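The values are calculated or read from the model by the stated rules, or taken from the named source; none is laboratory data. Computed from a prediction, not measured in an experiment: that's the story for all the values here. Glycine also receives a Cβ, built like all others from the backbone with ideal geometry; neighbour counts cover every protein chain displayed.
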């Protein structure tokens, strides 16, 4: 049509292709173990990894996290979600506190380059994916996959949907209920098999 070869657009009445995707792959416990084995405590990759895993922050918030956000036993950070500014108060886990105390650099942001420059969201994503690849993880093991792993771990610890949302800042309950339902299904299935075994 643009160059005048035909008068009509034959694609106007074609149904769009439906793509089904579960989104970013959630990191497994095996992934977490492998990453920690590859990157020692104190390395920039390990620091970034633990921040994502212990806070459940989105990459846009993780890359700007600094000591100014550490207030007592909490990470206090404002994040934009669904057009609104939300204040998150994330309790600092004891193991995470030890990691934060061991960060040697004095850069403004905890996740930064060697020269102290903040990482952009895109550069940060590619950096984590590359670090995960070096640890033997599947391709495209992303920061968002770690955020999803943080949600899964909270669900496995018995946290409710609302409790998980209070950490991650999610506004849509359906996003979190996926993790809670999956964990509950496994828990119920295990209980069912245990009861069946006792009934023999």
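Out of curiosity, is residue 111 at pLDDT 95 or above and either over 21 Å from residue 54 (Cβ atoms) or in contact with a helix residue (DSSP H, G or I) (Cβ under 6 Å, 6 or more places away or on another chain) (or both)? For residue 111, the condition - at pLDDT 95 or above and either over 21 Å from residue 54 (Cβ atoms) or in contact with a helix residue (DSSP H, G or I) (Cβ under 6 Å, 6 or more places away or on another chain) (or both) - is not met.
Residue 165 passes every criterion in (1) under 20 Å from residue 81 (Cα atoms); (2) in a loop (DSSP other than H, G, I, E, B); (3) at pLDDT 90 or above apart from (2). Scanning segment 168-193 for residues that are in a helix (DSSP H, G or I) and either under 19 Å from residue 83 (Cα atoms) or in contact with a helix residue (DSSP H, G or I) (Cβ under 7 Å, 6 or more places away or on another chain) (or both) yields 168, 173, 174, 175, 176, 177, 179, 180, 183. Can you find a residue that is surrounded by fewer than 16 Cβ atoms within 10 Å (Cβ to Cβ) and in contact with a strand residue (DSSP E or B) (Cβ under 6 Å, 6 or more places away or on another chain) anywhere in segment 148-166? No, because not a single residue in segment 148-166 is surrounded by fewer than 16 Cβ atoms within 10 Å (Cβ to Cβ) and in contact with a strand residue (DSSP E or B) (Cβ under 6 Å, 6 or more places away or on another chain). Of the residues examined, residue 116 is not one that is part of a loop (DSSP other than H, G, I, E, B), free of Cβ contacts under 8 Å to residues at least 40 places away in the same chain and more than 29 Å from residue 68 (Cα to Cα).
Being without any contact (Cβ under 8 Å) to a residue 12 or more places away in the chain, outside any loop (DSSP other than H, G, I, E, B) and over 27 Å from residue 175 (Cα atoms) is a property that holds for residue 98. Screening segment 147-162 for residues that are in a helix (DSSP H, G or I) and over 15 Å from the mean Cα position of the chain (by Cα) and picking the one that is farthest from residue 24 (Cα to Cα) gives 162. Answer yes or no as to whether residue 129 is closer than 27 Å to residue 29 by Cβ, surrounded by 15 or more Cβ atoms within 10 Å (Cβ to Cβ) and out of contact with any helix residue (DSSP H, G or I) (no Cβ under 8 Å at 6 or more places or on another chain). It is true that residue 129 is closer than 27 Å to residue 29 by Cβ, surrounded by 15 or more Cβ atoms within 10 Å (Cβ to Cβ) and out of contact with any helix residue (DSSP H, G or I) (no Cβ under 8 Å at 6 or more places or on another chain). In segment 9-31, the residue that is modelled with the lowest pLDDT out of those that are surrounded by 15 or more Cβ atoms within 10 Å (Cβ to Cβ) and farther than 17 Å from residue 130 by Cβ is 26. Set side by side, the residues 2, 80, 33 differ, and just one is within 18 Å of the chain's Cα centre (by Cα) and farther than 22 Å from residue 149 by Cβ, which is 80.
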